[in-house]
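Right, one structure below, let's go through it.
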Amino acid sequence: MNQTYEKDVYKYPDNEIRSIAKEIEGITEKEMYKKNLELSNLNRKLEELSIKDDLTGLYNRRKMDQELEKCLYIWERYNRPFSIIIIDIDDFKKINDTYGHLIGDMVLEKISKIIREDIRKSDIASRWGGEEFLILLPETNLQNATLVAEAFRRKIEEANFGIDEKITVSVGVANIENNESIDSLIQRADKNLYKAKEYGKNKVVF
(Lines give C-alpha, C1' and ligand atoms only; values in the text may rest on other atoms or scores of the structure.)
Protein backbone atom coordinates (compact mmCIF):
# COMPACT_ATOMS: atom_id res chain seq x y z
CA MET A 1 0.00 0.00 0.00
CA ASN A 2 2.80 2.36 0.98
CA GLN A 3 4.73 1.72 -2.25
CA THR A 4 1.61 2.28 -4.37
CA TYR A 5 0.79 5.46 -2.51
CA GLU A 6 4.27 6.88 -2.91
CA LYS A 7 4.30 6.03 -6.60
CA ASP A 8 0.97 7.80 -7.16
CA VAL A 9 2.04 10.82 -5.17
CA TYR A 10 5.17 11.39 -7.24
CA LYS A 11 3.60 10.51 -10.55
CA TYR A 12 0.80 13.06 -10.31
CA PRO A 13 2.81 16.24 -9.68
CA ASP A 14 5.37 15.12 -12.27
CA ASN A 15 2.66 14.95 -14.95
CA GLU A 16 1.20 18.29 -13.86
CA ILE A 17 4.57 20.02 -13.95
CA ARG A 18 5.28 18.58 -17.39
CA SER A 19 1.89 19.81 -18.61
CA ILE A 20 2.46 23.30 -17.19
CA ALA A 21 5.99 23.38 -18.60
CA LYS A 22 4.72 22.46 -22.05
CA GLU A 23 2.07 25.16 -21.81
CA ILE A 24 4.69 27.76 -20.83
CA GLU A 25 6.96 26.54 -23.61
CA GLY A 26 4.09 26.88 -26.10
CA ILE A 27 3.36 30.41 -24.91
CA THR A 28 7.05 31.29 -25.16
CA GLU A 29 7.31 29.96 -28.70
CA LYS A 30 4.23 31.96 -29.75
CA GLU A 31 5.61 35.11 -28.13
CA MET A 32 8.98 34.56 -29.77
CA TYR A 33 7.31 34.12 -33.15
CA LYS A 34 5.32 37.33 -32.65
CA LYS A 35 8.42 39.25 -31.55
CA ASN A 36 10.42 37.94 -34.51
CA LEU A 37 7.61 38.93 -36.86
CA GLU A 38 7.47 42.42 -35.34
CA LEU A 39 11.25 42.73 -35.62
CA SER A 40 11.16 41.58 -39.25
CA ASN A 41 8.47 44.18 -40.05
CA LEU A 42 10.47 46.92 -38.31
CA ASN A 43 13.61 45.98 -40.23
CA ARG A 44 11.64 46.11 -43.49
CA LYS A 45 10.30 49.56 -42.62
CA LEU A 46 13.78 50.79 -41.71
CA GLU A 47 15.16 49.46 -44.99
CA GLU A 48 12.36 51.22 -46.89
CA LEU A 49 13.02 54.48 -45.05
CA SER A 50 16.72 54.27 -45.92
CA ILE A 51 16.04 54.08 -49.67
CA LYS A 52 13.05 56.40 -50.06
CA ASP A 53 12.54 60.15 -50.07
CA ASP A 54 10.39 61.27 -47.13
CA LEU A 55 8.27 63.80 -49.00
CA THR A 56 7.59 62.12 -52.33
CA GLY A 57 7.79 58.42 -51.47
CA LEU A 58 10.02 57.89 -54.50
CA TYR A 59 13.44 56.26 -54.20
CA ASN A 60 16.24 58.52 -53.04
CA ARG A 61 19.49 59.25 -54.84
CA ARG A 62 21.42 56.56 -52.97
CA LYS A 63 19.04 53.84 -54.15
CA MET A 64 19.00 55.20 -57.70
CA ASP A 65 22.82 55.13 -57.83
CA GLN A 66 22.68 51.42 -56.97
CA GLU A 67 20.09 50.69 -59.66
CA LEU A 68 22.03 52.63 -62.30
CA GLU A 69 25.13 50.57 -61.54
CA LYS A 70 23.11 47.35 -61.91
CA CYS A 71 21.84 48.44 -65.33
CA LEU A 72 25.35 49.44 -66.39
CA TYR A 73 26.64 45.97 -65.45
CA ILE A 74 23.86 44.30 -67.48
CA TRP A 75 24.61 46.60 -70.42
CA GLU A 76 28.32 45.80 -70.36
CA ARG A 77 27.82 42.06 -69.92
CA TYR A 78 24.71 41.36 -72.02
CA ASN A 79 24.35 44.49 -74.16
CA ARG A 80 20.87 45.22 -72.77
CA PRO A 81 20.04 48.91 -73.37
CA PHE A 82 18.66 51.37 -70.85
CA SER A 83 17.79 55.05 -70.82
CA ILE A 84 17.26 57.77 -68.25
CA ILE A 85 14.92 60.74 -68.01
CA ILE A 86 15.67 63.79 -65.86
CA ILE A 87 12.65 65.99 -65.09
CA ASP A 88 12.99 69.48 -63.63
CA ILE A 89 10.05 71.65 -62.54
CA ASP A 90 10.03 74.96 -64.38
CA ASP A 91 10.28 78.11 -62.22
CA PHE A 92 9.95 76.14 -58.98
CA LYS A 93 11.51 78.95 -56.90
CA LYS A 94 8.80 81.28 -58.17
CA ILE A 95 6.13 78.79 -57.08
CA ASN A 96 7.62 78.67 -53.57
CA ASP A 97 8.00 82.45 -53.41
CA THR A 98 4.46 83.11 -54.67
CA TYR A 99 2.46 80.39 -52.91
CA GLY A 100 4.69 79.24 -50.06
CA HIS A 101 6.65 76.09 -49.37
CA LEU A 102 3.58 74.04 -48.43
CA ILE A 103 2.23 74.51 -51.95
CA GLY A 104 5.70 73.78 -53.30
CA ASP A 105 5.71 70.49 -51.40
CA MET A 106 2.23 69.71 -52.71
CA VAL A 107 3.48 70.23 -56.29
CA LEU A 108 6.38 67.85 -55.66
CA GLU A 109 4.04 65.24 -54.19
CA LYS A 110 1.55 65.50 -57.05
CA ILE A 111 4.22 65.19 -59.73
CA SER A 112 5.64 62.20 -57.87
CA LYS A 113 2.18 60.62 -57.89
CA ILE A 114 1.86 61.17 -61.64
CA ILE A 115 5.26 59.53 -62.16
CA ARG A 116 4.43 56.55 -59.91
CA GLU A 117 1.12 55.95 -61.67
CA ASP A 118 2.58 56.08 -65.18
CA ILE A 119 5.87 54.16 -65.00
CA ARG A 120 6.12 50.48 -65.84
CA LYS A 121 6.79 47.97 -63.06
CA SER A 122 10.32 47.56 -64.38
CA ASP A 123 11.04 51.32 -64.32
CA ILE A 124 12.55 53.03 -61.28
CA ALA A 125 11.77 56.61 -60.27
CA SER A 126 13.64 58.77 -57.79
CA ARG A 127 13.77 62.27 -56.41
CA TRP A 128 17.16 63.28 -57.77
CA GLY A 129 17.48 66.76 -56.27
CA GLY A 130 15.30 69.52 -54.86
CA GLU A 131 12.83 69.75 -57.75
CA GLU A 132 14.45 67.17 -60.04
CA PHE A 133 13.38 63.61 -60.69
CA LEU A 134 15.36 60.88 -62.41
CA ILE A 135 13.61 57.91 -64.01
CA LEU A 136 15.52 54.81 -65.05
CA LEU A 137 14.04 52.81 -67.92
CA PRO A 138 15.65 49.36 -68.35
CA GLU A 139 15.35 47.63 -71.73
CA THR A 140 14.43 50.94 -73.36
CA ASN A 141 16.05 52.67 -76.33
CA LEU A 142 16.27 56.43 -76.87
CA GLN A 143 13.21 56.66 -79.11
CA ASN A 144 10.89 54.90 -76.66
CA ALA A 145 12.36 56.78 -73.69
CA THR A 146 11.61 60.05 -75.46
CA LEU A 147 7.98 59.00 -75.97
CA VAL A 148 7.71 58.20 -72.26
CA ALA A 149 9.26 61.57 -71.37
CA GLU A 150 6.85 63.44 -73.62
CA ALA A 151 3.91 61.62 -72.01
CA PHE A 152 5.10 62.76 -68.56
CA ARG A 153 5.61 66.34 -69.75
CA ARG A 154 2.13 66.51 -71.26
CA LYS A 155 0.37 64.90 -68.29
CA ILE A 156 2.04 67.28 -65.81
CA GLU A 157 1.15 70.30 -67.98
CA GLU A 158 -2.50 69.17 -68.08
CA ALA A 159 -2.74 68.42 -64.35
CA ASN A 160 -4.69 70.65 -61.96
CA PHE A 161 -2.50 71.74 -59.04
CA GLY A 162 -5.12 73.99 -57.48
CA ILE A 163 -3.24 77.24 -58.13
CA ASP A 164 -3.69 80.06 -60.62
CA GLU A 165 -1.04 78.90 -63.07
CA LYS A 166 0.02 75.78 -64.88
CA ILE A 167 2.94 73.72 -63.67
CA THR A 168 5.31 72.62 -66.42
CA VAL A 169 8.54 70.66 -66.57
CA SER A 170 11.63 70.57 -68.75
CA VAL A 171 13.00 67.13 -69.55
CA GLY A 172 16.33 65.72 -70.69
CA VAL A 173 16.65 62.18 -72.07
CA ALA A 174 19.72 60.04 -72.77
CA ASN A 175 20.46 56.37 -73.42
CA ILE A 176 23.59 54.42 -72.54
CA GLU A 177 26.37 54.26 -75.13
CA ASN A 178 29.40 52.02 -75.55
CA ASN A 179 32.24 52.50 -73.04
CA GLU A 180 30.21 55.08 -71.14
CA SER A 181 30.09 55.63 -67.39
CA ILE A 182 27.02 56.48 -65.36
CA ASP A 183 28.43 59.97 -64.71
CA SER A 184 28.77 60.57 -68.44
CA LEU A 185 25.23 59.35 -69.10
CA ILE A 186 23.81 61.67 -66.44
CA GLN A 187 25.83 64.61 -67.76
CA ARG A 188 24.37 64.11 -71.24
CA ALA A 189 20.83 63.94 -69.87
CA ASP A 190 21.54 67.08 -67.82
CA LYS A 191 22.82 68.94 -70.89
CA ASN A 192 19.62 68.03 -72.74
CA LEU A 193 17.60 69.24 -69.77
CA TYR A 194 19.34 72.63 -69.84
CA LYS A 195 18.78 72.85 -73.59
CA ALA A 196 15.07 72.34 -72.91
CA LYS A 197 15.25 75.30 -70.50
CA GLU A 198 17.10 77.41 -73.06
CA TYR A 199 14.55 76.56 -75.77
CA GLY A 200 11.74 78.04 -73.68
CA LYS A 201 10.98 75.36 -71.01
CA ASN A 202 8.12 72.86 -71.01
CA LYS A 203 10.02 70.76 -73.58
CA VAL A 204 11.69 67.36 -73.98
CA VAL A 205 15.20 67.28 -75.47
CA PHE A 206 17.06 64.07 -76.34
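Quick rundown of the values:
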item	result
Dipole of the chain, positive direction: furthest Cα of TYR59, ASN192, GLY26, with charges on the beta-carbon	ASN192
Segment GLU180-ASN160, extension gain: residue separation times 0.36 nm, minus the distance between their alpha carbons	3.3 nm
Most mobile of GLY57, GLY129, GLY26 in a GNM of the chain (Cα contacts under 10 Å)	GLY26
Fluctuation leader among ASN144, ASN175, ASN192 - the chain, Gaussian network, Cα springs under 10 angstrom	ASN144
Candidates LEU72, LEU134, LEU55: whichever shows maximal mean-square fluctuation once the chain is modelled as a Gaussian network with Cα springs under 10 Å	LEU55
Within the chain, longest stretch clear of exposed trypsin sites (Lys or Arg not before Pro) (DSSP loop, no more than 14 other Cβ within 10 Å)	1-119
Kyte-Doolittle at least 0.0, axis length at least 18 Å by Cα - qualifying DSSP helices, the chain	101-118
Percent accessible area from carbon and sulfur atoms, the chain, protein chains only, probe 1.4 Å	51
LEU72 versus ASP91: modelled label distance in nm, points set 7 Å from Cα along the beta carbon direction	3.7
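The values are calculated or read from the model by the stated rules, or taken from the named source; none is laboratory data. Everything numeric here is computed off the predicted structure, so don't read it as measured data. Because the Cβ atoms are built from the backbone with ideal geometry, glycine has one as well, and the counts that use them run over all protein chains shown. Quick note on the areas: whole protein, heavy atoms, side chains included, nothing else; ligands and nucleic acids left out. Shrake-Rupley method; radii C 1.70, N 1.55, O 1.52, S 1.80 Å.
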